[in-house]
Amino acid sequence: MPALSLKVKKPNAEKARKYLSAHQLLDKSYKVFSKDSFIYFPITDAAQVSPKLLKILGASVERMRAGRADRRKTQDYRELLKRSLGTAYDDVAKGYDLLGSIAIIEAEGRHAKKIASAIMQANKSVKTVIRKNGAVKGVYRRREYEHVAGVRTFIADYAENGAKFKFDLRKSFFSTRLAYERKRIADSSKDGERVIVLFAGVGPFAVELAKARPASQVVAIEKNKEAYMDMLTNIKINRLKNIAAELGDVKKYAEKYKGFADRIIMPLPKDAHHFLETAFRMAGKKCIIHYYAFGNIASAFEDHKDIIKAAAIRKGRRVRFLKSRMVRTYAPDTIEIVIDFKVYG
């Protein structure tokens with residue numbers, strides 16, 4: 001079956017390419033091609049493409065016609081998979097996440113070996129294939145993984161936006177699909193700011209911002225000791241001197257960093273609303289907060305703006321909303337969003 005593609009006018013092609021690359025949506029098993037005044041970018045998952053992006057760029061998602069088969073690279077894992085699974089391949093060829101040399105798949109156990117074999121044949125840089133074995137669980141947002149093929153390891157060695165990371169996938173949460181958000185915030189920050197990253201994990205937001213803004217002071221707080229230790233490793237790998245890593249619950253540090261921050265990042269979409277009052281306590285007189293949350297697709301932005309306003313009133317602060325966007329689709333009726341707002345007073 002032909003691949004899905006994002007059709008966009010040539011003047012907007014570079015913006016589309018950067019967005020797809022940052023969100024790990026560019027399907028590298030097909031070639032990008034052009035026709036008339038349009039560029040066609042093969043993509044892995046249409047549901048993850050932001051409707052707002054489509055509107056802004058005047059783009060659309062289309063099926064690549066069968067006549068475009070000559071555009072495919074010689075090694076397409078979907079074609080290899082089709083040979084072993086026949087017509088059933090379309091139900092299991094859902095793409096994969098790539099963390100360095102580790103490919104992460106989401107598939108039934110009975111198909112996992114064949115999917116892994118197809119991926120490793122098509123992409124020679126993949127040395128390990130692991131399978132998601134259940135949902136993200138617990139206060140530390142961990143997920144179980146099962147080794148499927150190749151070198152048996154769960155240690156990712158990954159580069160993103162000019163930064164390097166090394167961490168154990170089983171012990172902490174990490175999503176490549178937040179790469180765009182990490183770059184967006186690093187780019188929008190100013191050198192010399194005092195920044196707090198709550199729920200810092202292995203340090204992706206903190207490391208990328210600190211690397212982009214060497215004159216800034218970054219505080220990264222994480223309560224999962226294993227993720228914290230990996231964060232220390234990543235700070236060292238990137239040779240950063242402007243990050244203070246703190247171990248423990250963020251509420252424990254509310255008094256220590258009272259009024260400290262010019263910018264606060266809250267990448268905990270399931271529970272960030274429980275920590276808004278802590279964030280307000282850490283916020284300086286004019287502080288920008290990046291707040292991530294899950295919500296119903298029909299009302300997520302309005303619901304969480306109401307939550308933010310109520311928390312601000314309780315703490316005697318004023319807020320002004322700056323920017324809101326959908327980060328990704330999480331479930332059929334649930335999306336992850338980010339709301340950027342400024343705190344006053």
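No lab work stands behind these numbers, since they all come straight from the coordinates. Keep in mind the model is a prediction, meaning the values are calculated, not measured. Here Cβ is always computed from backbone atoms with ideal geometry, including for glycine, and neighbour counts include all displayed protein chains.
Between Val61 and Asp271, what is 0.36 nm times their sequence separation minus the Cα-Cα distance? Round to one decimal in nm. Intermediate values should be presented prior to the final figure.
Details: separation 210, 0.36 × 210 = 75.60 nm, distance 3.29 nm.
Length gained between Val61 and Asp271: 72.3 nm.
Per 0.36 nm of contour for each residue apart, how much would the distance between Lys31 and Arg318 grow if the chain were fully extended, relative to their Cα-Cα spacing? Provide the component values of the computation, followed by the final result.
Values: separation 287, 0.36 × 287 = 103.32 nm, distance 4.95 nm.
Working it through step by step, the gained length comes to 98.4 nm.
I'd like to know how the chain sits against the 2.2 N^0.38 Å rule of thumb: what's its Cα Rg over that expected value? Before the final figure, lay out the partial values.
Details: Rg = 21.1 Å, N = 345, 2.2 N^0.38 = 20.3 Å.
Against the compact-globule rule of thumb, the ratio is 1.04.
How much space per residue, in cubic angstrom, does the convex hull of the C-alpha atoms of region 245-345 take up?
Details: hull volume 9.5 nm³, N = 101.
Value for region 245-345: 94 Å³ per residue.
Taking +1 at the Cβ of each Lys and Arg and -1 at the Cβ of each Asp and Glu, which of Tyr40, Val218, Gly203 sits farthest along the dipole of the chain towards its positive end, judged by Cα position relative to the Cα centre?
So the residue we want is Val218.
Could you give the dipole magnitude of region 4-71 about its Cα centre, charging the beta-carbon of Lys and Arg +1 and that of Asp and Glu -1, in debye to the nearest 20? Walk me through the numbers before you get to the answer.
Details: 15 positive and 6 negative charges, 33 e Å.
Using Cβ point charges on Lys, Arg, Asp and Glu, region 4-71 gives about 160 debye.
If you average the alpha carbon positions of region 18-57 and of region 155-221, how far apart do those two centres end up, in angstrom?
25
So for region 4-71, considering every pair of alpha-carbon atoms, how many percent are separated by more than 15 Å?
Summing the P(r) tail past 15 Å for region 4-71 gives 44 percent.
Using a basic spin-label model with each label point 7 Å from the Cα along Cα→Cβ, how many nm lie between Arg177 and Ile297?
It works out to 1.3 nm between the two label points.
Once you place label points 7 Å from the Cα toward the Cβ at Asp306 and Leu232, how far apart are they in nm?
The two pseudo-label positions are separated by 4.5 nm.
Given N residues in region 176-344, what is its alpha carbon radius of gyration divided by 2.2 N^0.38 Å? All intermediate terms of the calculation are to be shown ahead of the outcome.
On the way: Rg = 15.1 Å, N = 169, 2.2 N^0.38 = 15.5 Å.
Working it through for region 176-344, the quotient is 0.98.
About the Cα centre, and with charges only on the beta carbon of Lys, Arg (+1) and Asp, Glu (-1), how big is the dipole of region 165-241? Nearest 20 debye, please.
120
What distance in nm lies between label points placed 7 Å from Cα along the C-beta direction at Ala215 and Asp168?
For the pair Ala215/Asp168, the computed spacing is 4.0 nm.
Quick one: length gained pulling Asn161 to Lys52 fully straight, 0.36 nm per residue minus the C-alpha distance? Spell out each step's value before the answer.
Numbers: separation 109, 0.36 × 109 = 39.24 nm, distance 2.32 nm.
Difference between extended and current length: 36.9 nm.
Tell me what the chain gives for mean residue ellipticity at 222 nm when only DSSP H runs of n ≥ 4 count, each as -39,500 (n - 2.57), the sum divided by the residue total, rounded to 500 deg cm²/dmol.
Working: 10 runs with 98 residues, N = 345.
Calculated mean residue ellipticity at 222 nm is -8500 deg cm²/dmol.
Which value, in debye to the nearest 20, describes the size of the charge dipole of the chain about its Cα centre when Lys and Arg Cβ atoms bear +1, Asp and Glu Cβ atoms bear -1, and nothing else is charged?
Using only the charged Cβ atoms, the result is roughly 680 debye.
Efficiency by 1/(1 + (r/R0)^6): what FRET value for Lys342 and Arg110, r their Cβ-Cβ distance, R0 = 45 Å, to the nearest 0.05? Write down the numbers at each step before the final one.
On the way: r = 51 Å, r/R0 = 1.14.
Result of the calculation: an efficiency of 0.30.
Over all directions, what mean area does the Cα convex hull of region 77-153 project, stated in square nanometres? It would help to have the intermediate numbers written out before the result.
Details: hull surface 20.1 nm².
One quarter of the hull surface, i.e. the mean projection, equals 5.0 nm².
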